[in-house]
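The values are calculated or read from the model by the stated rules, or taken from the named source; none is laboratory data. Bear in mind that the values here come from a model prediction, so they are computed numbers and not experimental data. Cβ sites come from the backbone with ideal geometry, for glycine too, and all protein chains shown count toward neighbours.
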Amino acid sequence: MQDHVAGSQPEEPTLEESQAQKGSHVLRWVALAAVIIVVALIVWHIVAQPAKKQHNTAQVVTLAQTTTGDMPVTLDEIGTVTPIATVTVLPNASVSGYLVKVGYKEGQWVTKGQLLAEIDPRPYEVLKQQAVAALAKDQATLDQARYDLSLYTQLNAKKAIATQTYADQQFTVQNAVAAVQADRANIAQYALDIEYCYIKSPATGRAGLRLVDVGNYVTGSSSTGIVVITTIKPMLVQFGVAQNDIGRVTQRFNTPGVKLPVTALDSGTHQPIATGTLYAISNQMNTSTGQTPMRATFANDNSALWPNAFVNVRMLVDTLHNATLVPTPAVLTGAPGTYVYVANANNTVSVRKITTGPSDGIHTVVTSGLRAGETVVVDGTDRLSDGAKIRTATANPGGGSGGAHKGHKGAKAEAGSSDS
């Protein structure tokens, strides 16, 4: 019994085993401390050192000065070239027949009144001859009736004939007069039908492709017509203006003596192809697009505008004179709102909140927050902060971000070095 109890008690560790366990715990703590120190050194090297270097190193930037000048206020829209007239040429409804001649070439420039096609006029010429013969017959009947009436008038004065006979002769003359007038109207109608057989252009423009060949029977009820004439000079461009802009457009459009210039730009190259003026404004807004349709007229002397083509439209609504202009790359948007970096005299920058106006892509109007002559950063802003040190980049002789404000009177920007 005693042997069994003594055998169930755990054995106490020896001195060597206790020392070994304590040594392993110490090694683990030392290794953990070493790892923490290494990680701390790495983090300090990555974060603290570059920040310190960036704080102490001046950033290379390009500067430009704000200027004053004129800024055009424009609207850019997409328009469709619309001819003033597109005419489908049809025979007159009173004539029909076989087409015997085509007097134009496809794509030819035609003038108003020019012969386009000819319908066989012979059936109408025969009808006209019959009407002429009927007129001669009825004219003879009228002459005879008038002669008889003159005799009956004398006899009636002498009471030699019945009054009824005299009255009947008067009605006979009137009937003969009406027959003659009808014959003359028939002759005029057949002469007009003969003229309608020679189909002429109703407008000046360019002829399209031929729709009917010689030998076909044509009528005035044809849906395709013979040819389509499209006016090319002048030309209209239709476009829409958004609801937010319609007010200032109509205000300027209704100002006496003011014409709003409109430029048509190529939809691919965005190069100007024609200039014109605003011609008309629709009386209601298109609810599906939220725009008000407008039309501009163009002389189109060089035929650059082609019917139904899409073009970009730029309309000059107004011009801001003596506006404060800043190069567009200097304008930034972020947590402060819209701002610029202004260069200080001690080679540092300050964040300046501004309010902007219209822009032409090169320069932007500043309505508040900047004065003309102040220097702003136009390049190298990505690593700047308020109070950061800067140094000016070497000026580019060929231009730069702050190049001349081309196309606008008095608006010039300085590029390169402005060591404020």
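Some points to look at:
- Exclusive hit being surrounded by fewer than 16 Cβ atoms within 10 Å (Cβ to Cβ) and polar (S, T, N, Q), set GLN243, GLN238: GLN243
- Just so you know, in region 270-301 the residues that are polar (S, T, N, Q), touching a residue at least 24 places away in the same chain (Cβ under 8 Å) and surrounded by fewer than 17 Cβ atoms within 10 Å (Cβ to Cβ) include one that is nearest to TRP109 (Cα to Cα), and it is THR297.
- Here SER368 clears all of (1) within 24 Å of VAL317 (Cα to Cα); (2) hydroxyl-bearing (Ser, Thr, Tyr); (3) at pLDDT below 90 except the condition numbered (3).
- Residues located in region 262-292, provided they are in contact with a Lys or Arg (Cβ under 9 Å, 6 or more places away or on another chain) and of a type outside the set (Phe, Trp, Tyr): VAL262, THR263, ALA264, LEU265, PRO272, THR277, LEU278, ALA280, ILE281, SER282
- Among the candidates THR338, THR333, THR324, residue that is farther than 25 Å from HIS270 by Cα and crowded, with 17+ Cβ neighbours inside 10 Å: THR324
- Residue in region 50-59 that is of a type in the set (S, T, N, Q), modelled with pLDDT of 70 or more and assigned to a strand (DSSP E or B) present: yes
- Total residues in region 179-223, condition hydroxyl-bearing (Ser, Thr, Tyr) and closer than 30 Å to PHE298 by Cβ: 2
- Total residues in region 320-358, condition in contact (Cβ under 8 Å) with a residue 40 or more places away in the chain and either out of contact with any Lys or Arg (no Cβ under 7 Å at 6 or more places or on another chain) or not in a loop (DSSP other than H, G, I, E, B) (or both): 19
- The set of residues in region 107-155 that are touching a Pro at 6+ places or on another chain (Cβ under 9 Å) and surrounded by fewer than 16 Cβ atoms within 10 Å (Cβ to Cβ) comprises LYS112, GLY113.
- Scan region 225-257 for residues that are over 25 Å from ARG314 (Cβ atoms) and without any contact (Cβ under 8 Å) to a residue 60 or more places away in the chain and the total you get is 0.
- Residue selected from region 258-269 under the condition in a loop (DSSP other than H, G, I, E, B) and either surrounded by 11 or more Cβ atoms within 10 Å (Cβ to Cβ) or in contact (Cβ under 8 Å) with a residue 60 or more places away in the chain (or both), by the criterion farthest from the chain's Cα centre (by Cα): VAL258
- Comparison of ARG371, ARG314 shows that the only residue that is in a loop (DSSP other than H, G, I, E, B) and charged (D, E, K, R) is ARG371.
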